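Report on one structure; see the data block that follows.
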Amino acid sequence: MLGDGLIDLTKDRTLLRTLYAPPAGGFSIVEVPKLPFAVLDGDGPPVQAAIEPAVKALFTAIYPIRREARQRAGKSFVEAPLEILYWAQDMRDLAAGNREAWNWRVQITLPIWADADHLARSVSDMQAELQGAGPIRYDVTAEGRCVQTLHVGPPAGIPETLARLYDDFLPRMGLEPEGRYHEVYLDDWSRVASDRCKIILRQPLRSAQ
């Protein structure tokens, strides 16, 4: 752990596997540490026409950082996956798939050496390719105790898993959702068939009141 509380996941492979390689089929409780992110907030319902440009802009903005990370790490370089946070006024709208009521944010974990100034320089370097993109900012988040599972298959099957999470698992364990539900996409959507896509479903928690 570093002095500022950030953890270098490239140096803690056990924690890296715990956070990003959960077993499929069941729910597990994990402790998610404080991590740095490049973040782009969405606008309106999370439809494909809105999310895809935001994802492209975020990857474009951090390209210089990714290039530097690859040079620093060499053969041990691990590319951070895309993550999207979702939230709604009523959490039942998530399980029901009522996307019109959702808010969203795309984010990617940054290397610990890439601070806010580093990200600002990266965005500035790529400004010509980012015309029209929303503000990309640096954020540090500590989600703490979370429940997660690995979903394998088309995203259309996710609401069924979320219904089991919110309606069965959490009440049975004396837990409640706390904070924004999010998905971690372990595959490139454009290269992997939908029935083989691996998506981590993660929800921060609190004890039931």
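A short reminder: the numbers here are calculations on the coordinates, not readings from a lab. Note that the structure is a prediction, hence the values are computed from the model and not measured. Counting neighbours? That spans all protein chains shown, and the Cβs are built from the backbone with ideal geometry, glycine included.
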Q: Amide H neighbours of G42 under 5 Å, at least 5 residues apart or on other chains, H built in the peptide plane: list them.
A: W104, R105, V106
Q. For Y86, which sequence-distant residues (separation of 5 or more, or a different chain) have an amide H within less than 5 Å of its own amide H, given hydrogens modelled in the peptide plane?
A. Y181, H182, E183
Q) What fraction of the Cα pairs in the range 1-89, stated in percent, has a spacing above 18 angstrom? A) 60 percent
(Q) Counting C-alpha atoms alone, how compact is the range 69-178: give Rg to one decimal and Dmax as a whole number, in angstrom. (A) 17.9, 52
**Q.** Sequence ranges 136-148, 169-181, ranked by mean other-Cβ count within 10 angstrom, highest first
**A.** 136-148, 169-181
Q) Which residues does a label at I112 reach in the range 71-88, if reach means a backbone N under 16 Å from a point 7 Å past the Cα toward the Cβ? A) 73, 78
Q. Given labels modelled 7 Å from the Cα in the Cβ direction, how far is it in nm from A208 to R121?
A. 5.1 nm
Q: Would you mind calculating the relative contact order of the chain from Cα pairs under 8 angstrom and at least 6 residues apart, reporting the percent as a whole number?
A: 28 percent
Q) Tell me, what is the FRET efficiency for Y63 and I29 to the nearest 0.05, using R0 = 30 angstrom and their Cβ-Cβ distance as r? A) 0.30
**Q.** Cβ-Cβ FRET estimate between Q131 and L16, R0 fixed at 25 Å, reported to 0.05
**A.** 0.10
Q.
7 Å from Cα along Cα→Cβ at both R164 and A73: what's the point-to-point distance in nm?
A. 3.1 nm
Q) Rounded if a/c is under 1.5, else prolate if a/b beats b/c, else oblate: with a ≥ b ≥ c from the C-alpha gyration tensor eigenvalues square-rooted, which is the range 120-209? A) oblate
(Q) Can you list the DSSP H helices in the chain whose Cα atoms extend at least 18 Å along the helix axis and whose mean Kyte-Doolittle hydropathy is 1.6 or higher? (A) none
Q. Add -39500 (n - 2.57) for each DSSP H run of 4 or more in the chain, then divide by its residues: what number comes out at 222 nm, to the nearest 500 deg cm²/dmol?
A. -7500 deg cm²/dmol
Q.
On a full-extension model of 0.36 nm per residue, what is the gain between Q89 and D139, subtracting their alpha-carbon distance, rounded to one decimal in nm?
A. 15.7 nm
Q: Return the ratio Rg/(2.2 N^0.38 Å) for the range 13-207, where Rg is computed over Cα atoms only.
A: 1.03
